[in-house]
Amino acid sequence: MTVLDWLIALPALGALVVPMMSLPPENQRLIRYFGIAIALVELGLAIGMAVAFKLHTSSYQFVTKVHWIGAFGIAWYLGADGISLVLVLLTAVLFAIAMFTMKGVKDYRAYVGWMLLLEAACMGSFTALDLFLFFVFFELTLVPSYFLISDFGLGASGRAAIKFFVYTFAGSALLLVGIVSLVFIHDHQTGHLTFSLPALMHTRLPKGTAILLFLAFAAAFAVKTPIFPFHTWSPDTYRSAPIPAVVILAGVMAKLGAYGLIRFNLELFPATSRELAWLMLTLGVVGILYGAIVAAGERDLGRMVAYSSLSHMGFIVLGIFAFSTEGLSGSTLQMVNHGIYTAAIFLLLGMIYERRGTLDMNKLGGLQKKAPIFAGVFILVVMGMIGLPGLNGFVGEFLILLGTFITHRWWAVVAVLGVVLSAVYLLWMYQRVFHGEAKDDRSFRDLAPREALLLLPLVALIVVLGVYPIPLLSRINPTTSAIVHHVASAPALGNSGAPQAVASIVTGGAK
Amino acid sequence: MIATVISVPQLIVFIVSVVIIAIGGVGLLSARYPVHAALFLVMTLFGVAVLFIEEGAEFLAAVQVVVYAGAVVVLFLFVIMLLGVDREEITSFAGDTVRVALAGVGVALILAELFIVATGAWVTGAHAVAGKLSAGSNIGVLARSVFTTYLLPFELTAALLVIAVVGAVILSRRMSGVAQPRAHESREV
Amino acid sequence: MSIPGSWYLVVAALLFGLGAFGVLTRRNVIVMFMSVELMLNAVNLTFVTYARMLNDVGGQVAVFFVLVVAAAEVVVGLGIIVAIFRHRATVTVDDISSLKG
Amino acid sequence: MLVLGLVIGFPLLGFLVLLAFGKRIGDPGAGWVGTIAIALSFVAAVVTWILLLSKHAGQRTQVLRLFQWIHAGGFHVNITFRADPLSVVMMLFVTGVAALIHLYSIGYMKRDARFHQFFVYLNLFVFSMLVLVTANNLPLTFLGWEGVGACSYWLISFWFERPSAASAGKKAFIINRIGDMGFMLGTFLVFENLHSVSYSQVLPAAHRLPAGTAEAIALLFFLAAAGKSAQLPLFTWLLDAMEGPTPVSALIHAATMVTAGVYLMARLSPILALAHAASTTIAIIGVVTAFVAAMAATSQTDIKKIVAFSTVSQLGYMMLGIGTGAYVAAIFLMVTHAFYKALIFLSSGSVIHSLDSEQSIRRMGALAKLMPITAWTMIIAWLSIAGVPPFSGFFSKGSILEDAFGRNELLWVVGVVTALLTAYYMGRLVFVVFYGKPRWQEVTKGHEPHESPRIMTIPLIVLAVAAAVAGLLNLPYSGLRFLHNWLSPVFGSALVSYHLSASEKVLLPATDAVVALLGVVIAWRLWRNHSERKALEPTVLLKGWYLDSFYDRTFARGGTALAKFGDRVVDPTIIDGAVGGVAWLFRWVGGLGRKVQSGLVRSYLLIMVGGIVVMLAYVLVSAAR
C-alpha cells in the first residue's frame, strides 16, 4: 500500500465510519473533530509525500498497479508526477481548511461524511493513471458535491445543485464515450485491451477520429474548469453552495478540469492538441476578458468571484495550450495559487454573509471603518488575485503570459489586457464594499481570533508562494518540460497515417 | 374466372347470402336505434353461416347460429334494454367529419391491401399440422383435431370463459349511489 | 366445382371494411361492439375459406377458438359498458375520456 | 555589498515593526520609528555611495544576490540587487527626501485616527521604491514598480471615507496598471530575444537586438513610464491623486514614484540608444506634455492642482532629456526637481494645514507676514523651479534645454516657452497665496493662521537650502560636472553629447535666465493685488483640457455599461439561455407526446387503423421484393 492508496483509502473509510456514529446531539462536535482529524492526517501524508518526492525525474512515482477487472484490462493504477503531487497538496490543504469552517449545522454526520467522500474522490482523480479509474473518481466527485449544495446550501440551492450535476454529468458522458472508443481502437490496433494511460498514449489515430476524441475529452474538462461557453453553472453553484463546499468546488474541483486537459488531452492526443491549440487558446482568452467584464457588472459578491475565477481559469487554459515549459509550469503553479486565494476570498465572503446575511454589494459599504483588520486581510487577498508581484498570483500569471508570448505572441498580447481588467473589477468591488461611509449603522464585528487562525495559513501561503515558489516549481518543472517535449515531438496528424482497419472500426462498428 | 364451371345452385346461394350479409352490414351501420342494429347483426351472422355451410364447415355454421346469433346478440339486446339506451341516435357525421373522412380513407386502404392479398396466391411452405379436412365428416375431423393437437388451447378456453363470467358479474353488480340515466341523450359532441 | 375461394375472401374483406368503418364512425359503444363482431365474422369467413382451399382443418379450429374468445369478449365488454353506464349515465364514447394523458 | 542590503532592509524592518506594533506605539511614536528607519536607510545609502566612490570608475557596479525567485524552463529570475552610480543617486535622493517628509508628516498627520497606518504605508512605499531602483532584473524592478503603485493606491485613498479619495486611488492604480501592461510585454520581448531578464546580461547585450524589436521594447517600456510618470496619455490620475494627504503628494507624486518612469528609461538607455524613432517620440511626447501641463497649471484654483500640473510639466522636461539622449541632464533635473517640488508641496501643505485644510487659493492671501518661513521657503522653491540663476533649477533645466537645442531647435523653443509659463504660474501661486488682500477670514473664522510647528518647518528649511544649492552638483563648467562624471560610466555610449558653438554656450543660459526673470515680472505685474482674472483662467485649462472627463465618459461609463450589459443580458440570456434552451426542447417534445393521449377512444382506434395500414403495406412490400 503506497502513500497514494492511503491518501484515498483514509477519507473513504472515514466517510463510511461517520454515518455509523449516531452520537447524541450534544456531542456532534466529536464528529466534526473526527472529520478534522482525518483531514489533518491526510495533510500530513501529502506533505510527507511531497518531501519524499524525487526531484529531477518526470516519471510517475509512488506507483501501485493492482488488477481490478482483468477482463477489460482495468487496473487500480495510481501514480503521481509533479503536477498531480502539487494538486494533491492543494487538495489536502483546502480540505483541512474546509473541515475547520464547517459549523452551524445540526447533524454533522451527513456533512462530514460527504466531505470525506469528496476528498477521497478528488485525491483519486488526481492520481489515477487508469482511464476507467479516473472516470469513476471523476464522477464520484459529483455525488457528494450535489448533496452538499442541495442540503446545506444557502438560497436557491436545490436548483443550482441540479444544474451543476446535470451540466457536469452531460460533459462527462462525452468523456466516457471518448475513453471507451479510444480503448477500443487501441485494442484493435494492438490486440491488448487496457485502460492504462501510459499504454494508450501510443495509439495512432487518423485525423478525424483524433479530433473527435480530443473534443470529447476537452468538452468534459471544459465544463469542469469552466471554460468560456460552458461556465453558466458556476455563478449559481458558487453563490448557493455552503462555504466549505464552495472552497472545494472552486479551489479543487475546478483544477480537475485543467488537470484533465494536461493529463489526458495533451498526453493522449499530442498532435491534435497542436492542431486545435488555436481553438483552446481563443476560448481561454475570451474567457479571461469575458469573465472580467461580466464580473465588473455583477452586483453579488459570490457570483462576481465565480466570474473572476472563470477569468483566472482562462489564464490557466492559456498556459496549458501555449506548449512552452514556462507556460505549462506557470499554469500548474497558477492552479495552486488560484486554489489558495479563491479559498481565502470565499472564507472572507462567508464571514461577510455570516455578519450581514447578504452578499449584495449595494447593501454593504464602509466596512473598512468598522473592521480594519478584516479589510486589511481582504485587500491582501484581492491584491493576490490581481497579481501584485510579491504575492502568489503574480508568479503564475507572469509565467503563463511569458510562455504564451514566446509561442503564440498575439494571444498573450490580448490576454495581458486581463491583467488590467482584473484590477478594475476587483478594486471597484473593494471600494464599493469597504470604502466610503457605511450604509447601515449595524456593527460589523472585526476578525475573531478563530477566524484569523483559519485565514492565517492561506494568507501565509499567498505571501510565501509569491516570494519563494521554488519548492513547488522545482517539482513541477521536470514533468512539464517532459510533457511539452512529448507534445512537440509527436508525429503530425495525417489521414493516411492509421491503417485502414482502424477507420473501418470507427465507422463500421463491428469487430 | 367465370369460365370455370360452377354449379349454378351454389352460385345462387352464394349471391343470396352475400346480399343478406351486405344488407345486414350496411343496416347495422346506419341503424338509428341500437335494437335495429342488433337485428341487422343477426341477419349478417345468418348470411355468414350459410357461407360456412357452402364451404363445408357445417359444425361451425351450426355453432355460429346457435352461439353467436342466439346467445351473443341476445346478450346485446338484453343490455340495450337493461340500460334503456334504446333511444334515437343521431348518426349524422356533422360533428367530426375529419375523423370520419380519415376513417374512410383508412378503411379504403385496408380494403385495397386485402384485395391484393385475397387475389394473390400465398404459399409460405408451412406444412399442415391439424390434419386433412376431407378425411371424413367435418365435425369428426374438427373434433379429432381440437381434442388432440389443440387440446391445451381448448382447456384454456374453458378457463377464459369462467373468468369472463366472473368478471361480468362483478362489473355489473349494482353499486350504491348509481347515477340514473339522464332525461335525454346528450347532443353528439 | 365450388366457388373459387378468392370470392369468399373478397366478401370477407368487404365485411371487415364495413365492420371497421362502423367501429370508427359510430358513437354508441354498443353499436361499435356489434361492428367488432362483424369484423370477427369476416375473419372467421377468411379462416374457413383458407381451410377449404388448403384442405387443412386448422382453419376451422381457429374459427372455433375465435368464437369462444368473441363470446368472452362480448361478456366482459358489455359488463364494462354497464359499469360505465352506472357512473356516467351515457354510452357516447366521446364523453368517456377521463384517461386523458 | 551588505550595506546595500541595509539600505533596503531598514524600511522593510520599519514597515514590519509598524505593522505589528504600530497601534501600540501610537501617535508620535510610530512616526518617529518610521522616520528613523528611513534616516538609517539614508545613512546606509551614503555609506554605499562612499564605498562606490572609493572604487575605480569602471568597477562601480556591485551585485548582491539573495536567493532564486522564479525558475521555469529557460526562465531564471533571482532576487539580486545592484548598486551602481545610477541606483546610488536614486537611493540617496529618495531616502533623503523621504526622511524629511516622514519628519514633516509627524506634524502634519497629528491627531489623525489612523496615524500609525500612514507610516506603515509610507515605509512600505520607500521599501518598494528602493527595490525598484536597486533591482538587478526586470521582474524584480516590476515588483518594486507594482509595490509603489499599490502603496500609492493605499495612500491616495488614505481618507477612504471620502468617496472621491477612494475612486482617485482606484483610478491611479488602474491607469498605472495599464502602463504595467507595457512593462510586462516589454519584458517578454527582451526575454524572447536575449533569453535573460537580468540587467547584467541584458544591458551589455542590448546591441544584439534587431532594430525593430528595440523600437518596440523602447515604446512598450515608455508606455509603462508614461503610466507611472504621468505623461500625456496617462497623466490624469496624478490630478486626482491630490486627494491624498499632502506629504503623500510631496513624497510620491513629486519626488519619488513619478520619477520611477524616468529612472526606468535611464536604466534601459542602451536599448533606447538603438531605438532612434522611439527616442524622438519620447522627446516629443515629453515636451508636449510639459507645455500642455504648464498651460493647464496657469488657471487652476486648487493650490495642489497647480503643483500637480507643474510636476507633470517638469516630468515632461525629464522625458525630453531622455528622448534627446541627455540622460545625465534628466537625472540632474530629477534630483533638483525632487528637492524644490517636495518643498513646494510641503509648504503648500503647511498653508493648508494652518488654514484648516482649505485648498483653494481664492480663499488665501497675505500669508507672508503670518507664515514667514513657509513663505520664504516657497519663494526659494519658486525661483529655482522658474530657473532663475543661481538657483538649482537654472542649471538643471538649462542643461536639458541645451541638449534639446542640440537635437532640434523646435524642441528648444517649446521648452523655453514652457519655462516662461512655469515661472508665470508659480509666480501667480506665490503672489495670490502670500501677498495681496487676506481672504481667509471666513475659512479660519477670525483667528489668524499661525506658522506651522517647528517639526514641519525644519524639513522646509533643509529642502530650501538643498533646492538652492543643488545646482552645484553639475555646473556646466568642465571641472565641476560631478554628476556627469559620476553617471557617465553607467550610460557609456548611450549618452549623446551635443557640441554647441562657443557663442551658443553663452547665449542659451542667458536666454534661460531672461525668460525666467520675465516670467517672474509678468506674474508680479498681473497677480500682485488681484486674486482672480477670468481672462487668464479659461475653463478649458481649468478642466485640464477636458481630457479627464473624456476618459471618464468613454472608458469609465462605457466600461460600466458594457459590464452591466454583459452581466445582465449576455450571460443570463444568451449563454444560459442556450443551456436552458436544451432543457426546454426536451420538455416541448415531451409535450407533443402527451397530446396524443387524448382520452378519446375513437382517436386511438384511428391510430390503430393507421398501424394496420402500415403493417400490411410493409408485408406487401417485403413480399413483393
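None of the figures in this text is laboratory data; all of them are computed from the coordinates on show. These figures come from a predicted structure and were not determined experimentally. Using ideal geometry, Cβ is built from the backbone for each residue, glycine included, and neighbour counts are taken over all protein chains shown.
Note on the stretch C:5-90: Cα-only Rg and Dmax are 15.3, 51 Å. Using equal-weight Cα scatterers in the Debye expression, the normalised intensity of the stretch D:554-624 in log10 at q = 0.19, 0.24 Å⁻¹ is -0.87, -1.00. Taking the Kirkwood radius as Rh and the Cα radius of gyration as Rg, the stretch A:181-265 has a ratio of Rg/Rh equal to 1.12. The aspartates and glutamates whose alpha-carbon is closer than 12 Å to the alpha-carbon of A:Lys439, local same-chain residues fewer than 8 away aside, are D:Glu161. Give, to the nearest whole percent, the P(r) tail of the stretch B:9-87 beyond 14 angstrom, counting all Cα pairs. Result for the distance tail: 63 percent.
With no solvent and one equal point scatterer placed on each C-alpha of the stretch B:132-173, evaluate the Debye formula and give log10 I(q)/I(0) for q = 0.14, 0.17, 0.30, 0.32 Å⁻¹, two decimals. With one equal scatterer per Cα and no solvent, log10 I(q)/I(0) is -0.48, -0.58, -0.92, -0.97.
Against the empirical curve 2.2 N^0.38 Å, the C-alpha radius of gyration of chain D lands at a ratio of 1.23. Here the stretch A:155-211 has an Rg and Dmax of 16.5, 53 Å, counting Cα atoms alone.
Based only on Cα atoms, what mean projected area does the convex hull of the stretch A:3-508 have, in nm²?
22.5
Rg ratio for the stretch D:4-128: its Cα radius of gyration over 2.2 N^0.38 Å, N being its residue count, equals 1.21. Bridging of D:Lys23 to aspartates and glutamates at a Cα separation below 15 Å is possible for D:Asp112, once same-chain residues fewer than 8 apart are set aside. Summed over qualifying helices (DSSP H, 4 residues or more, each -39500 (n - 2.57)) and divided by its residue number, chain A shows a 222 nm mean residue ellipticity of -24000 deg cm²/dmol. What the Cα atoms of the protein assembly as shown give is an Rg and a Dmax of 47.1, 154 Å. Rounded, prolate or oblate: pick one for the stretch A:226-313, where a ≥ b ≥ c are the square roots of the eigenvalues of its C-alpha gyration tensor, a/c under 1.5 means rounded, and failing that, prolate if a/b is larger than b/c, else oblate. In terms of gyration-tensor shape, oblate. Based on the Cβ-Cβ distance from A:Glu26 to D:Leu51, what FRET efficiency comes out when R0 is 60 Å, to the nearest 0.05? Calculated value: 0.30. Which log10 I(q)/I(0) values, to two decimals, does the stretch D:452-505 give at q = 0.21, 0.29 Å⁻¹ under the Debye formula with one point per Cα? Each listed q maps to, in turn, -0.88, -1.10.
What the pair-distance distribution of the stretch D:69-114 shows, using all Cα-Cα distances binned every 5 Å from zero, is 5, 15, 12, 12, 11, 12, 11, 10, 6, 4, 1 percent.
According to the Cα-based calculation, Rg over Rh for the stretch D:282-411 is 1.02, with Rh computed by the Kirkwood formula. Computed over the Cα atoms of the stretch D:320-376, pair by distinct pair, the Kirkwood hydrodynamic radius stands at 13.3 angstrom.
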